[in-house]
Amino acid sequence: MSQLRDPSGPFPRVLAIVTIALVALYFAQCSLFESGNPFGPEYETSNFIETLGFGVFSGSGPAPAVPDQASWDLKYRYSADWDDHDYVTLEPVADAGYDTAGGAGYTEPLPAGLDAASPVYRLELVNLIQDGSFETGLGPGFSSVGPVTYGITSSSPLNGLQSLALSSTGGTITWTPAMVGYPATAGHPYRIEFRYPQSGSTVEMQVKISSDPVAYKPDNSTGHFGAAFLPDVTSEALTLTFEPVTPVSGFTPVNIDDITMCSRSYATVRLLLGRNDTVPVLESGVYSFSVWARVDYDASATEPRYHLDRFTVSMSGTEYSTLAAASSTYVYSAATPGWRRFTARLSGNVLQYTIPELTPDVPVLSLDIDLQNSRPGSVLLAAPELRFHPNGL
Ligand SMILES: [Ca+2]
């Protein structure tokens, strides 16, 4: 056996592999530098969703099997109880003077940072009940049993010029309101609400909804009534029965107003983003998501279109990502009708994600405009922005 080392033996082969690896590493680094620093200047200056404004919208009609991505969508479309109705709408404003953020119809000064040419969109949580503001009189569908009074009053209306006055000395009043366009769908959760005198008298009135045996009481401390309506069958009529807490006692005269019904289950407008859906590419890091909002010039304290009372802007992760974000909430204010900016910021945990090798375009970030605690109504939106903060917030 020869003691000489075979030149094609194991040691030179290892050297060759190491050499190839070093060369590959060198070229990989060159490639990295040539392709640009991933946190280059464009990461500080770009609105990552510049091309994904509210006009890029897919939140209507039957949901696809795979949730829409890189377009504004409604989260409820992917809920098992959705019935294909548009319970939330997001549509461009077409009225001249109001179709851009700096339009002549808007008399307040344009705030710094809002492009006057930004197209304006109307976000609306749809009210399904007709004649609930009582501004045009008593609508159809009222009946009573026993000694009661009910009718329109212009004395101390809660909203607008008129409200509904009720009293009972032992009897009950039932209203079967006309619905606006949508049948009640079996098993779908609806929300019934109305206003009530906040100061609260000693009135002891409660409400039963359709065939639900439970009696719900208004909250005197907040001036608000809210309860769920879960139809047993599709097209089940909605009936509201106002009755004394104790059947024989009755209740003293009380005004109520703005009886509404909406579906706010999963009522979140969202933009799902994969890492390649933005320009530049969505890297892990710190982000802020902002939206400009203002009072709708075409809404009022009454029907047919109420002012939306609130919505919340936030960011959430997906099954492929984690983050922690502080949200920002719009609250209607007649005193400040002009454009205001609402910004959600990552806090604590930055956006981090792990994407599957074979499906790199999965969603890793959701930008959310949440109406799940809102009353029906509309608000105007413009100029959504997603900004990156390489040095943190
Ligand atoms: Ca009213």
Here the convex hull volume per residue of the stretch 142-262, taken over Cα atoms and given in Å³, is 103
Nearest-0.05 FRET efficiency for Ser156 and Asn391 at R0 = 51 Å, using Cβ-Cβ distance, is 0.40
Comparing Leu381, Leu138, Leu365 in a Gaussian network model of the chain (Cα, 10 Å), the one with the largest mean-square fluctuation is Leu138
1/(1 + (r/R0)^6) with r = Cβ-Cβ of Leu138 and Thr172, R0 = 25 Å, i.e. FRET efficiency to nearest 0.05, evaluates to 0.90
Simple spin-label estimate for Ser221/Ala104, 7 Å along Cα→Cβ, in nm, reads 5.2
In nanometres, the difference between 0.36 nm per residue of separation and the alpha-carbon distance of Arg310 and Ser211 is 32.6 nm
Sorted by chain and then number, the residues having a modelled amide H within less than 5 Å of the amide H of Gly250, at least 5 places away or on another chain, are Gly170
Taking R0 as 30 Å and r as the Cβ-Cβ distance between Thr246 and Ala334, the FRET efficiency 1/(1 + (r/R0)^6), rounded to the nearest 0.05, comes to 0.15
Computed over the chain, the convex hull of the Cα set has an average projected area, in nm², of 29.0
In nanometres, the difference between 0.36 nm per residue of separation and the alpha-carbon distance of Ser300 and Glu204 is 31.5 nm
Longest principal axis of the chain (C-alpha) makes with the long axis of helix 10-34 (C-alpha) an angle, in degrees to the nearest 10, of 50
Residue span Thr359 to Glu50: 0.36 nm per residue of separation minus Cα-Cα distance leaves a gain in nm of 108.8 nm
Note: probe point = Cα of Thr343 + 7 Å toward Cβ; backbone nitrogen < 15 Å; residues of the stretch 277-307 passing the test are 286-293
P(r) over all Cα-Cα pairs of the stretch 33-147, 10 Å bins from 0 to the longest distance, whole percent per bin, short to long, reads 10, 23, 25, 24, 11, 4, 2, 1, 0
HN-Hα couplings for the stretch 340-356 via Karplus (6.51, -1.76, 1.60; θ = phi - 60°), in whole Hz with x for Gly/Pro, come out as 10, 9, 10, 10, 9, 10, 5, 9, x, 8, 6, 5, 10, 8, 10, 9, x
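Just so you know, all these numbers are worked out from the coordinates, no wet-lab data involved. Bear in mind the structure is a predicted one, so any value in this text is a computation, not a measurement. Cβ sites come from the backbone with ideal geometry, for glycine too, and all protein chains shown count toward neighbours.
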